[in-house]
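Participant: Got a structure here, written out as structure tokens. Questions coming.
All of the numbers you see were taken from the coordinates with simple rules; none came from a lab. Small disclaimer: the values here were computed from a predicted structure and weren't measured. Note that each Cβ is placed from the backbone with ideal geometry, even for glycine, and that neighbours are counted across all protein chains shown.
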Amino acid sequence: MNGRLQDKVAIITGGASGIGLASAERFVAEGAKVVIADINDAAGRQVEARHAGALRFRSCDVAVDADVEALVAFAIETFGRLDIMFNNAGIQGDRAGFTEIEATSFDAMLRLLTGSVLSGHKYAARQFRRQNSGGAILSTTSAAGLLGGYSNLGYTAAKHAIVGIVRAATFELAPYGIRSNAIAPGVTVSPIMASSFGVPAEHADAFQDFIAERCAVLQPVPRAGRPRDIANAALFLCSDEAEWISGVVLPVDGGGTAITHCDP
Ligand code: NAD
């Protein structure tokens, strides 16, 4: 099926790599105009050059509220409206545990991973209300936003908090026709995941088999996720096919969060 996002305008943060990039390319293929936002200017500009006309890059640090406000303004200047806000950018962050973590480091992770999602909701919802159009907001949490034991402390806490924002937004914004959902990827081959296996980001593709083998024990569907697996779910939740779906957190994880990893 083509044209599932025909004439929609979408913003995707973290769109220069991994899940955000796969989603941006899928959204464009389905007829959307897309602004990708990222701190990686070189990668973002390369993606923009491959999709002249339908996709624009905007340099943006999602941890900075004013950057997200300017990002929404850029999408309006460029494409005239906004229909979809996909809050996806993220990092693994400080791996310190409870006895070592510094408050400043924990706060910075919450600002980047969760505060960015709040900013995305705030400025997208303002624009949707200005347009009187409704709109779709999607945010990337994680299997680590649903369960402990998947990732580091700060990441786990910040990703859980995204679920709270999505549920609060569903309650507050539904009267304006604005939907808010989340996707919770399981282990998915991308630079961020490669780094958590000690593989340098630039070698993530070459190490797909290595990562997939380690993931097979975590996920009943015995392979690592691919960015396009997550992009497929994002496409559905951002499209009008999901017009009666709000407040859900959809695991896209090969069944990982459906099972316990204990083997009694
Ligand atoms: P990735 O590293 O390939 O992509 C993340 C992108 O976000 C990069 O382009 C990076 O430059 C950008 N970014 C980082 N900090 C930013 C900032 N402050 N402002 C703007 N952009 C910034 O990783 P990915 O796997 O595609 O991750 C995308 C999202 O999926 C993240 O939120 C991540 O936590 C989440 N996630 C990933 C996995 C996985 O296994 N890969 C699993 C669960 C959740």
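Participant: Along the charge dipole of the chain, which of Ala24, Leu237, Gly93 sits closest to the positive end, that is, farthest toward it, with unit charges on the beta carbon of Lys, Arg, Asp and Glu (+1, +1, -1, -1)?
Facilitator: Highest projection toward the positive end goes to Leu237.
Participant: Now for a separate question. So how much slack lies between Ile101 and Arg129, counting 0.36 nm per residue of separation and subtracting their Cα-Cα distance, in nm?
Facilitator: 6.1 nm
Participant: Identify all lysines with a Cα-Cα distance to Lys33 below 16 Å; exclude those on the same chain that are fewer than 8 residues away in sequence.
Facilitator: Counting by Cα, and skipping residues close in sequence, Lys33 has these lysines nearby: Lys8.
Participant: Please order Asp229, Asp83 by the number of other Cβ within 10 Å, starting at the fewest. Before the final figure, lay out the partial values.
Facilitator: Details: Asp229 21, Asp83 24.
Neighbour counts put them in this order, fewest first: Asp229, Asp83.
Participant: Hey, another quick one. Mind listing the phi-derived Karplus ³J(HN,Hα) values for the range 83-99, rounded to whole Hz, using 6.51, -1.76 and 1.60 with θ = phi - 60°, and x for any glycine or proline?
Facilitator: Calculated HN-Hα couplings, in order: 10, 9, 10, 10, 8, 10, 4, x, 9, 6, x, 4, 8, 4, x, 4, 7 Hz.
Participant: A further question on this structure: With springs connecting C-alpha atoms under 10 Å apart, model the chain as a Gaussian network and identify which of Thr78, Thr156, Thr104 has the largest mean-square fluctuation.
Facilitator: Most flexible of the set in this elastic network: Thr104.
Participant: Suppose R0 equals 25 Å. What FRET efficiency, 1/(1 + (r/R0)^6) with r the Cβ-Cβ distance, do Val221 and Phe197 give to the nearest 0.05?
Facilitator: 0.85
Participant: Suppose each label sits 7 Å from its Cα in the direction of the beta carbon; what would the Asn232-Arg50 distance come out to in nanometres?
Facilitator: According to this spin-label approximation, the distance is 2.0 nm.
Participant: What is the list of residues in the range 18-47 whose amide nitrogen lies under 14 Å from a point 7 angstrom out from the Cα of Asp240, following Cα to Cβ?
Facilitator: Within reach of a label on Asp240: 31-32.
Participant: Now a separate question. So which aspartates and glutamates can Lys122 reach, going by Cα to Cα under 15 Å and dropping same-chain residues fewer than 8 places off?
Facilitator: Asp65, Asp67, Glu69, Asp83, Glu172
Participant: Under a Cβ-only charge scheme (Lys and Arg +1, Asp and Glu -1), can you give me the dipole magnitude of the range 153-264 about the Cα centre, in debye to the nearest 20?
Facilitator: So the dipole magnitude of the range 153-264 works out to roughly 200 debye.
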